[in-house]
1. Spot the failing condition for Ser219; the list is (1) closer than 25 Å to Asp154 by Cα; (2) in contact with a helix residue (DSSP H, G or I) (Cβ under 8 Å, 6 or more places away or on another chain); (3) in contact (Cβ under 8 Å) with a residue 60 or more places away in the chain, and only one is missed.
2. For the condition surrounded by 13 or more Cβ atoms within 10 Å (Cβ to Cβ) and in contact with an Asp or Glu (Cβ under 8 Å, 6 or more places away or on another chain), what is the one hit in Ala83, Ala100, Ala134, Ala142?
3. Condition check: free of Cβ contacts under 8 Å to residues at least 12 places away in the same chain and among the β-branched types (Val, Ile, Thr). Does Ile254 satisfy that?
4. When residues of region 298-328 are filtered for being at pLDDT below 80 and not small (Gly, Ala, Ser), how many remain?
5. For Ala224, are the conditions met, namely being closer than 21 Å to Gly289 by Cα, touching a Phe, Trp or Tyr at 6+ places or on another chain (Cβ under 7 Å) and surrounded by 14 or more Cβ atoms within 10 Å (Cβ to Cβ)?
6. Inspect region 223-234 for any residue being under 21 Å from Ile190 (Cα atoms) and either at pLDDT 90 or above or of a type in the set (S, T, N, Q) (or both) and give the result as yes or no.
7. Which one is nearest to Gly238 (Cα to Cα) among residues in region 272-289 that are surrounded by 13 or more Cβ atoms within 10 Å (Cβ to Cβ), in contact (Cβ under 8 Å) with a residue 60 or more places away in the chain and of a type in the set (A, V, I, L, M)?
8. List every residue pair whose Cβ atoms lie under 8 Å apart, where the two residues are 6 or more positions apart in sequence or sit on different chains, the first residue falls within region 300-313 and is closer than 21 Å to Thr341 by Cα and not assigned by TED's automatic domain parsing to the domain that holds Ser336, and the second residue, located anywhere, is outside any strand (DSSP E or B) and among the aromatic types (Phe, Trp, Tyr).
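The values are calculated or read from the model by the stated rules, or taken from the named source; none is laboratory data. Fair warning: this is a prediction, and the values are worked out from it, not measured in the lab. Because the Cβ atoms are built from the backbone with ideal geometry, glycine has one as well, and the counts that use them run over all protein chains shown.
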Amino acid sequence: MTVSHTDIAHTDNDSLDNDSLDNQQATDEQANSVATSDNKASDDAADNRHGAATTARQWQVLSQLQRNRWVGTTHIYEQLILAGFDISLRTVQRDLNALAKRFPIEKNNANPQGWRWEDDAPLQSLPHMNLSQAVAFNMVEANLSQLLPPVILDELFPWFDLARRQLKNSKVTHSWIDRVRIEPATQPLIAPHIDLDSKDNIYHALFYQLQIKACYTRSNKSQASEYTLNPIAIIQRGVIIYLLATRTDDSENIIRIFALHRFASVEILESAAKTPDNFQLDNYLDAGGMGFSHPLFSPLANHGKYTPIELQFTKQAGKSLTESKLSDDQIVTINSDESLTIQATVNLTSQLVWWLRGFGNGLLDAKPELLYQAVLDKTADAI
């Protein structure tokens, strides 16, 4: 068969045209595939953003619920608005109904409707922290951290961190946390340095009721002594933290007071600590255990504990005691010269003496006479 040049040319041109069409079709399909992929990625990203926003919002909805108290839908809505969510009340209602299918929460039939965690809802079901809880944890961290043992502080640290972040992101932070402070009633002092290892070991031993071997320097000594102690309690008085303990070499088992900043080293022992029989910390404090004794009161019965006293103040000096009592049995009498007589039952301690001296000339008289003598005689102090 003979093929002319013209046929070859036509065949070549047809082949080229077909190849071009195939290539164009492949290119179009690839472009469509890329466009479809881009659109799908865009849709997925939008879905992810929407899903994340929904999760964050519903997380906040759950955080507003309480275990023993019904919380209204409107209240939850208002709290979410304060937290920066741009939503409607209807959205909150839909969220609650959806969440009730997956979490142990329940609603009542009241109008307006209330929601809460079920009574048997496990704590781990609570996914977040509301503002009230955040404020409480923030104040615990600021004011009680010194008194908590390390084992508890380690467990609470994530909650402290969560509280800080919750308050930082809240629009109501400035309306509460920046307006609340705890100020000392006496002259503020800088806390003394405490050896952190000694403190941690003391707290650990107290928490697990173990004995300690301590290197301790008493206030009236220049050299440290070594004691084996039974830790009993921790008390913070002003900026000073004290350990109540008994010494194992003391046959009378006297409860002694040790300032934490005077410990040079502390070793935790494996032996169990022994607490005196019938010891109650509140009873110890009520009896004036941390008030510190005064030498002038040692001749008195029971060293001056639970002693009736009578104080006479100028009207201005005694006014505060008409609002804050010295004791439950306090009686206030207004005299003809407008001075005030305060009768109360208290423990006679150095702390009482120092406090009365703070009134200066505002304190006109004190009974028993030994008490007034202690206030006036500053050379008889014993700390």
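1. (1)
2. None of the other options fit; the residue is Ala100.
3. So Ile254 passes the test.
4. 4
5. No: the conditions fail for Ala224.
6. Yes, there is a match, as at least one residue in region 223-234 is under 21 Å from Ile190 (Cα atoms) and either at pLDDT 90 or above or of a type in the set (S, T, N, Q) (or both).
7. Filtering region 272-289 for residues that are surrounded by 13 or more Cβ atoms within 10 Å (Cβ to Cβ), in contact (Cβ under 8 Å) with a residue 60 or more places away in the chain and of a type in the set (A, V, I, L, M), the one nearest to Gly238 (Cα to Cα) comes out as Ala287.
8. none
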